[in-house]
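One structure is given here, and the rest of the page talks about it.
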Amino acid sequence: GDSVTQMEGPVTLSEEAFLTINCTYTATGYPSLFWYVQYPGEGLQLLLKATKADDKGSNKGFEATYRKETTSFHLEKGSVQVSDSAVYFCALFFDGGSQGNLIFGKGTKLSVKP
Amino acid sequence: DGGITQSPKYLFRKEGQNVTLSCEQNLNHDAMYWYRQDPGQGLRLIYYSQIVNDFQKGDIAEGYSVSREKKESFPLTVTSAQKNPTAFYLCASGFGVISGNTIYFGEGSWLTVV
């Protein structure tokens with residue numbers, strides 16, 4: 001079945017460092033792909049999304065490109081801040097025809113030190 | 001303000017009790033979802049509903065029940081049959097099966113068995 005695999009954390013970086021969180025997926029069709037962010041004790045917020053191959057999603061300095069050839073959707077940011085400390089989830093939208101829902105990776109915890 | 005409201009934020013349950021978590025949305029979304037989050041496990045789908053008076057089991061539906069009598073509301077009951085209910089529960093909603101549509105999340109409810 002469809003699935004998402006993302007790199008395990010925790011990831012610890014210094015402020016202004018470059019961030020990459022890897023995400024790969026397995027799907028029978030062409031799903032939409034998402035990155036969500038979860039701050040401590042809160043729900044999930046959509047960070048960015050891409051709906052077709054070669055689309056680039058971007059928001060708040062984060063970017064991810066939908067790579068069909070490598071089935072990947074890696075999250076990147078050029079210069080992280082302490083306020084970016086959170087758990088990041090990669091997800092795909094599984095379209096079952098008349099039904100659909102999100103399938104998530106296990107999450108990657110990011111800690112940014114000043 | 002538009003959004004998804006979950007209540008209560010924190011709930012304690014005694015062994016053998018049923019408890020109900022509330023989820024209300026005023027976004028006019030057709031689809032609503034319940035996910036369970038355990039540490040290091042990512043999010044797992046419990047139940048989802050694409051339209052009023054209809055819902056489907058997700059990956060871990062055993063020990064849970066839902067209803068969808070109104071478009072705005074999708075309450076989740078954690079029954080005594082759920083052997084390990086302590087977790088963070090997230091309600092979500094979206095415009096349904098179209099793959100590119102975004103799913104939005106509430107702030108979550110913490111359930112602890114005492």
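The values are calculated or read from the model by the stated rules, or taken from the named source; none is laboratory data. Note that this is a predicted model, so its numbers are computed, not measured. With ideal geometry, Cβ positions are generated from the backbone for all residues, glycine too; neighbour counts draw on all protein chains shown.
For (1) closer than 28 Å to A:P10 by Cβ; (2) in contact with a His (Cβ under 9 Å, 6 or more places away or on another chain), each residue gets a yes or a no:
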{"position": "B:Q17", "(1), (2)": "no, no"}
{"position": "B:Y35", "(1), (2)": "yes, no"}
{"position": "B:I60", "(1), (2)": "yes, no"}
{"position": "B:K71", "(1), (2)": "no, yes"}
{"position": "B:Q82", "(1), (2)": "no, no"}
{"position": "B:L90", "(1), (2)": "yes, no"}
- Query: Which residues, taken from the stretch A:1-51, are in contact with an Asp or Glu (Cβ under 9 Å, 6 or more places away or on another chain) and at positive phi?
  - Reply: A:G41
- Which residue pairs have Cβ atoms under 7 Å apart, sit 6 or more places apart or on different chains, and have a first residue in the stretch A:39-56 that is within 7 Å of another protein chain (Cβ to nearest Cβ) and a second that is of a type in the set (D, E, K, R)? A:E42/B:E107; A:G43/B:E107
- Do you know which residues across the stretch A:14-32 are more than 10 Å from every other protein chain (Cβ to nearest Cβ), buried (at least 16 other Cβ atoms within 10 Å of the Cβ) and not in a loop (DSSP other than H, G, I, E, B)? A:L19, A:I21, A:C23, A:T24, A:Y25
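Could you tell me which residue of the stretch A:43-60 is surrounded by the fewest Cβ atoms within 10 Å (Cβ to Cβ), considering only residues that are part of a loop (DSSP other than H, G, I, E, B) and touching a Gly at 6+ places or on another chain (Cβ under 7 Å)?
A:T51
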- Message: Can you find, within the stretch A:33-57, the residue that is modelled with the highest pLDDT among those that are more than 14 Å from A:G105 (Cα to Cα) and among the polar types (S, T, N, Q)?
- Response: A:Q45
- Subset of the stretch B:4-40 [within 11 Å of chain A (Cβ to nearest Cβ), surrounded by fewer than 16 Cβ atoms within 10 Å (Cβ to Cβ), touching a strand residue (DSSP E or B) at 6+ places or on another chain (Cβ under 6 Å) and closer than 20 Å to B:A61 by Cα]: B:D38
- Return the residue satisfying two criteria in turn: it lies in the stretch A:68-82 and is not in a loop (DSSP other than H, G, I, E, B) and not hydroxyl-bearing (S, T, Y), and of such residues it is farthest from the chain's Cα centre (by Cα). A:V82
- Message: Here are the criteria: (1) touching a Ser or Thr at 6+ places or on another chain (Cβ under 9 Å); (2) within 11 Å of chain B (Cβ to nearest Cβ); (3) buried (at least 19 other Cβ atoms within 10 Å of the Cβ); (4) not aliphatic (A, V, I, L, M). Tell me which single one A:Y66 does not satisfy.
- Response: (2)
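Condition check ((1) more than 14 Å from every other protein chain (Cβ to nearest Cβ); (2) closer than 15 Å to B:D30 by Cβ) across all residues:
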position: B:Y64; (1), (2): yes, no
position: B:F74; (1), (2): no, yes
position: B:V78; (1), (2): yes, no
position: B:N84; (1), (2): yes, no
position: B:G94; (1), (2): no, yes
position: B:T102; (1), (2): no, yes
position: B:F105; (1), (2): no, no
position: B:W110; (1), (2): no, no
- buried (at least 20 other Cβ atoms within 10 Å of the Cβ) and away from chain A (no Cβ under 11 Å) - does that describe any residue in the stretch B:48-55? no
- Message: Tell me whether the stretch A:86-94 contains one or more residues that are within 13 Å of another protein chain (Cβ to nearest Cβ) and more than 12 Å from the chain's Cα centre (by Cα).
- Response: yes
